[in-house]
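Asker: Here it is, the structure in full.
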Amino acid sequence: MDGYRGIVVAGLVLVSVMASASPALAGAERRCQMCHDFTTGKNGIGPSLKGILGRKAGTYPGYNYTFTKYIKGEPWVWTEDKLRQWDEDSGTAVKVFTGDPNARTKMPRQAFTGLEEDNVITYIKMASSGQVVSDRVFANVPCKMCHDFTTGENRIGPSLKGVLGRKAGTYPGYKYTFTKYIKGEPWVWTEERLREWDNNSERAIKKFTGNPSARTLMPPQHRMGADEDEIISFIKITSEIPNKTDKQTK
């Protein structure tokens, strides 16, 4: 978590523009909730997606599916990979999953790919597991201004993909400025340390290095309570999304 000070004010403006320009960033939550419930277990226009990962397709109680008549034998199980295929092109996916070229589903093709798809899948994982999610997690989360969470690529700051459990200052290909203050083994990023860093990075760098002169270019965010909980949840869930590059997070 390093590498930006002068661009913060401009970046906050940029995030606001991106939120209004990108339906996936600003509307992943709203778009899914138009037809699906994630938290109460009630069916809407579509079946409830509460706890969908690991569930057999077409089996949610009380919902009248249209594609189940094409399933011969055991239904497929919803995995993240199958959700991505379905989300990108449900018309093609239902044919592949059922093995029937005539299979149909009433869900329209969404054509989500890349970052759009990552945001939708992340929302499904967070919401269906009962975690609190707000639009700001996807639209206005300040971390995404400078950090990647899903591809493993470095930006203004290092990728935070898989940051929990990682030694500080060790992500491949990123030039950290605070590592010169570390004597001995770097600290390991835990949820508690992330919270301290997110709240006040200037104070945290001194504590973690044991050096009162230590500095970091990342400005203090001063997030606490529900704001901080959302950021930590976002980091934890997106860290589970497989890399789309060959880069390894260690």
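Asker: Nearest 0.05, what FRET efficiency do LYS207 and THR113 give at R0 = 41 Å with Cβ-Cβ as r?
Answerer: Step by step, r from the Cβ atoms, then E = 0.45.
Asker: Multiply the residue gap between LYS167 and LYS106 by 0.36 nm, knock off their C-alpha separation, and tell me the result in nm, one decimal place.
Answerer: In short, 17.2 nm is gained.
Asker: Which lysines, on any chain, are close to LYS180 with Cα under 18 Å apart, when same-chain ones fewer than 8 places away are left out?
Answerer: LYS167, LYS206, LYS207
Asker: Find, among the trypsin sites (Lys or Arg not before Pro) in region 68-101, those assigned to loop by DSSP (not H, G, I, E, B) with at most 10 other beta-carbon atoms within 10 angstrom.
Answerer: When the trypsin sites (Lys or Arg not before Pro) of region 68-101 are filtered for loop state and at most 10 Cβ neighbours within 10 Å, LYS72 remain.
Asker: Using 1/(1 + (r/R0)^6) with R0 = 30 angstrom and r between the beta carbons of GLU192 and ARG155, what's the FRET efficiency to the nearest 0.05?
Answerer: Working from the Cβ atoms, E equals 0.75.
Asker: Please list, by residue number, everything in region 46-69 whose backbone N is under 18 Å from a paramagnetic label point 7 Å out along Cα→Cβ of MET34.
Answerer: Answer for this model: 46-49.
Asker: Further question: At LYS42 and TYR174, where each label point lies 7 Å from the Cα along Cα→Cβ, what is the point-to-point distance in nanometres?
Answerer: It is 4.2 nm.
Asker: Now, a different point. Would you mind calculating the relative contact order of region 28-116 from Cα pairs under 8 angstrom and at least 6 residues apart, reporting the percent as a whole number?
Answerer: Relative contact order comes out at 20 percent.
Asker: A further question follows. Give the residues of region 29-65 whose amide nitrogen is closer than 12 Å to a point set 7 Å from the Cα of GLN85 in the direction of its Cβ.
Answerer: Of the residues in region 29-65, none has backbone N under 12 Å from the label point off GLN85.
We did not get these values from a lab; they are worked out from the coordinates using the rules stated. All values derive from a computational prediction rather than experimental measurement. Note: ideal-geometry Cβ built from the backbone for every residue, glycine included; neighbour counts use all protein chains shown.
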